[in-house]
Amino acid sequence: AYDARLARELRDAQVALAAQAERLAEARAEADRLRAEQQAQVAELEAAVAEKEAILASLGEERADVEKALAAVEADWQQSALPVPGALGQALQELGTAGLKPDDIRFSLFPPGAVATISEERLNAYIGEYDPLTRLRVDLVGEDEAFVLSGVFDDVPLEISGGFLVTAEGKLRFEPSLMQVRGFRVPEGIIREIVAEGWLDIDVSALVSPLTLTGVELTDGQMIIRAGLR
């Protein structure tokens, strides 16, 4: 009986030990599986990080290339396009208004005054007679009260639009609200410098002599200049 009980206990112990060994093997297998999954996730994360680092490096190179190209464009614009507005102002000064004949001019005695009307067609014909300006066109837009000068000057595409005011000296001053050269907008500071230099001041005294310019109005296709005593 003692031997049977001992054998049974030994057998139960062996069964328990086998079960424990099986559970341990399963635990080890699960640990190995989790470790493999973690290693795969780490490898995947490392690959993703490497890919993003490569993308960032590529973007850095592309950004450097873009900045270099923009710098080259700006340098070219500074050298070839930026002087154009000043040169255009000088050409307009050289053209003057001495040969410009209004489409219509009416004088009044009481009070002394004059109203001169100049059409868009007359302005275009006038500037077309001056070789540096032959590739430019004037458009008078009444809705915006805008004088628009566009086309090609000195082989450079440009567009200028703005309005007029009368200076204290009785000249007609063109004040651009937009100036584009080669599709680039000219900075306002440069526009102010050009205006301050007087390149866009137009002496129209020959049109209204002996009176003095007092006002200007832009309508669709027409510029109306008013003069009187000041």
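Would you say Pro132 is exposed (fewer than 13 other Cβ atoms within 10 Å of the Cβ), assigned by TED's automatic domain parsing to the domain that holds Val208 and touching a residue at least 40 places away in the same chain (Cβ under 8 Å)? Write out each step before concluding.
Details: exposed (fewer than 13 other Cβ atoms within 10 Å of the Cβ): no; assigned by TED's automatic domain parsing to the domain that holds Val208: yes; touching a residue at least 40 places away in the same chain (Cβ under 8 Å): yes.
Against the criterion (exposed (fewer than 13 other Cβ atoms within 10 Å of the Cβ), assigned by TED's automatic domain parsing to the domain that holds Val208 and touching a residue at least 40 places away in the same chain (Cβ under 8 Å)), Pro132 does not qualify.
Yes/no matrix, rows are residues, columns are (1) in a helix (DSSP H, G or I); (2) of a type in the set (A, V, I, L, M, F, W, C); (3) within 30 Å of Phe184 (Cβ to Cβ):
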residue	(1), (2), (3)
Ala25	yes, yes, no
Ala29	yes, yes, no
Ala40	yes, yes, no
Glu44	yes, no, no
Val49	yes, yes, no
Glu53	yes, no, no
Glu62	yes, no, yes
Val66	yes, yes, yes
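On the basis of being farther than 28 Å from Arg230 by Cβ, assigned to a strand (DSSP E or B) and not β-branched (Val, Ile, Thr), does Glu121 make the cut? When the stated conditions are applied, Glu121 does not pass them.
Yes/no matrix, rows are residues, columns are (1) surrounded by 14 or more Cβ atoms within 10 Å (Cβ to Cβ); (2) in contact (Cβ under 8 Å) with a residue 60 or more places away in the chain:
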| position | (1), (2) |
| --- | --- |
| Arg173 | yes, no |
| Arg182 | yes, yes |
| Glu188 | no, no |
| Trp199 | yes, yes |
| Leu207 | yes, yes |
| Glu217 | yes, yes |
| Ile224 | yes, yes |
| Leu229 | no, yes |
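On the basis of being over 21 Å from Leu218 (Cα atoms) and either at pLDDT below 90 or more than 33 Å from the chain's Cα centre (by Cα) (or both), does Pro112 make the cut? Here the answer is yes, as Pro112 does meet what is asked. All of (1) surrounded by 15 or more Cβ atoms within 10 Å (Cβ to Cβ); (2) closer than 19 Å to Gly89 by Cα; (3) modelled with pLDDT under 90 hold for Arg192 with one exception: (1).
Condition test on Val186, is it modelled with pLDDT under 90 and within 20 Å of Gln93 (Cα to Cα)?
Details: modelled with pLDDT under 90: yes; within 20 Å of Gln93 (Cα to Cα): no.
In short, no.
The values are calculated or read from the model by the stated rules, or taken from the named source; none is laboratory data. Note that the coordinates shown come from a computational prediction; the quantities given were computed from them, not determined experimentally. FYI the Cβ positions are ideal-geometry reconstructions off the backbone, even for glycines, and counts take in every protein chain you see.
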